[in-house]
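Comments concern the structure below.
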Amino acid sequence: MSKTLLIPLVSTGNVPQLTIDLVLHSLADEFQFVTSLDSTYIHPFTGPLDYVYEQQRPVLFTSSPDKRYSTGLELFYSDQSSLYVLQQRTPIIQGYVNNFIKEVIVPLVVEYNIREVVIVDSFGVLDEDVMATASVSFRTSSNFFSDGICEVRSVGDMIQRFQSGLHLNEESTNEISTSLFTFTANSVQQEISTNQQIFKFAYHLLNATAPNLESIKYSSVFVHEGDNSEDAHLFCDHLPEIIHSLTKISTLTPPISWKGVYGSRPIPASFVDGIYI
């Protein structure tokens with residue numbers, strides 16, 4: 001089975017990161033920690049190993065008993081789904097997006113012979129790079145997802161595909177790529193801005209020497225800031241439509257790190273010295 005790499009972008013509401021949390025911890029018996037990646041280009045992060053509520057041990061890390069803490073960038077793998085999953089816990093440092101993709105992501109794609117890269121994203125009303133595109137349209141109230149694909153069949157096709165992706169929508173005030181990704185008919189987006197991170201990811205992947213890479217998929221969801229746990233649940237249900245080796249998860253299980261943050265803590269019932277407890 002061909003190998004897929006799932007990458008979350010740090011975006012509105014951290015919905016991609018929450019979605020990755022749900023995938024990994026709902027399928028904790030299937031996924032295992034592979035390695036911590038170079039976190040030079042993202043904001044520093046160190047934290048405890050995560051686990052599910054009733055399970056007081058980090059199952060995802062059983063293959064690495066010496067690991068004692070989580071870092072900002074970690075890779076996991078499911079042999080059952082032939083799926084590598086990257087969890088990125090902090091944003092890329094401003095000005096280092098290109099360095100991050102070229103020096104961390106591209107080598108990862110090459111080393112693990114990835115054939116399909118799936119990038120998940122989210123945006124809201126304040127994301128001007130997305131909302132200013134001429135094609136953002138909420139045609140139905142039931143669909144807030146956008147699914148696009150860039151197919152690659154050879155090194156020559158990579159170059160040709162990227163060059164065609166530079167064709168810009170001249171009617172828009174922003175620089176909009178109109179042909180790099182082919183979006184489904186019911187997608188909210190039909191174009192991407194060259195200012196979006198996804199454009200930079202596609203640029204470097206299409207110009208990299210990655211002989212096994214066949215496609216780049218992009219899936220984004222429109223969200224509002226706030227409690228985005230439900231958005232993550234919806235995104236998890238949507239993922240099998242993009243990653244065909246991943247079956248729908250019957251029971252979604254959030255990790256312990258969500259407790260008390262996304263509405264899972266009991267409502268305060270008493271008031272002592274001016275503080276709810």
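Read the figures in this text as sums done on the coordinates, not as results from a lab. As the structure is a prediction and not an experimental result, all values here were calculated from the model. A quick note on method: Cβ atoms are made from the backbone with ideal geometry, for glycine too, and the neighbour counts reach across all protein chains shown.
Structure data summary
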{"quantity": "Bins of 5 Å, starting at 0 and running to the largest distance - Cα pair percent for the stretch 79-135", "calculated": "4, 12, 18, 22, 18, 14, 9, 4, 0"}
{"quantity": "Within the stretch 230-258, backbone nitrogen closer than 19 Å to the virtual label 7 Å beyond the Cα of S63 toward Cβ", "calculated": "245-247"}
{"quantity": "Listed pairs K200/K259; K217/K259; K217/K248; K67/K200; K67/K102; K102/K259 exceeding 30 Å between Cα atoms", "calculated": "K200/K259; K217/K259; K67/K200; K102/K259"}
{"quantity": "Cα pair distances in the stretch 42-131, grouped into 5 Å bins until the bin that holds the longest one, percent each", "calculated": "3, 9, 16, 20, 20, 17, 9, 4, 1, 0"}
{"quantity": "Stretch gain in nm, segment D237-E111, where the contour uses 0.36 nm per residue and the Cα spacing is subtracted", "calculated": "42.4 nm"}
{"quantity": "Relative packing of peptides 73-79, 249-255, 4-10 - highest average C-beta neighbours within 10 Å first", "calculated": "4-10, 73-79, 249-255"}
{"quantity": "Straight-distance crosslink candidates among aspartates and glutamates, where the alpha carbon sits under 12 Å from K3 and sequence neighbours closer than 8 are dropped", "calculated": "D79, E111, E116, E214"}
{"quantity": "Order by protection proxy (mean Cβ within 10 Å, highest first), peptides 234-247, 214-227", "calculated": "214-227, 234-247"}
